[in-house]
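Structure first, then comments.
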Amino acid sequence: MLNTKKYFIEFGLSMVLYTIAIFFSISFLANNPDTPWRIWISVLPVLPAILATIAFIRALNKLDELQQKIQLTSFAISFAAVGLATFTYGFLENVGFPHIPYVWVFPFMIATWDTTIFIVARVYK
């Protein structure tokens with residue numbers, strides 16, 4: 001799977017930068033709400049997320065065909081599940097359910113993808 005030392009270093013460094021960026025962004029915007037840089041500061045955490053995505057894609061390309069098939073199938077299932085869940089919840093918001101910020105959709109997809117990997121991989125054992 002995705003367990004190379006290079007991947008853990010690249011991904012781990014990206015997550016450290018993400019954590020720093022998120023804390024900086026939130027605290028800076030709380031203390032400077034009228035700054036002309038507020039849009040750029042608010043999306044600053046996206047940059048390390050892009051680096052994490054690049055690290056993941058590099059590691060994914062190094063997997064053998066079976067592992068790539070497991071990843072693709074897991075991604076397809078999570079894409080469909082999260083798509084249907086958010087689609088359904090959008091209609092439920094119309095009848096009074098509380099709004100869920102969009103920032104939670106991507107982590108939901110990642111968690112669903114990670115969960116389905118173990119389920120899909122069992123098919124090939």
| request: Pick out, from segment 24-125, the helices (runs of 4 or more DSSP H) lying fully within it that include 2 or more residues that are farther than 26 Å from LEU13 by Cα. | output: 65-93, 105-123
| query | Do any residues in segment 40-61 that are among the polar types (S, T, N, Q) have Cβ atoms under 8 Å from those of residues that are in a helix (DSSP H, G or I), where the two are at least six apart or on different chains, and which pairs are they? | reply | SER42/SER25; SER42/LEU29
| remark: Those residues of segment 33-68 that are surrounded by 15 or more Cβ atoms within 10 Å (Cβ to Cβ) and within 17 Å of ARG122 (Cα to Cα) come to a total of 1
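Here, each number is a calculation from the coordinates, and none is a lab measurement. Worth saying up front: this structure is predicted, and the values here are computed from it rather than measured. With ideal geometry, Cβ positions are generated from the backbone for all residues, glycine too; neighbour counts draw on all protein chains shown.
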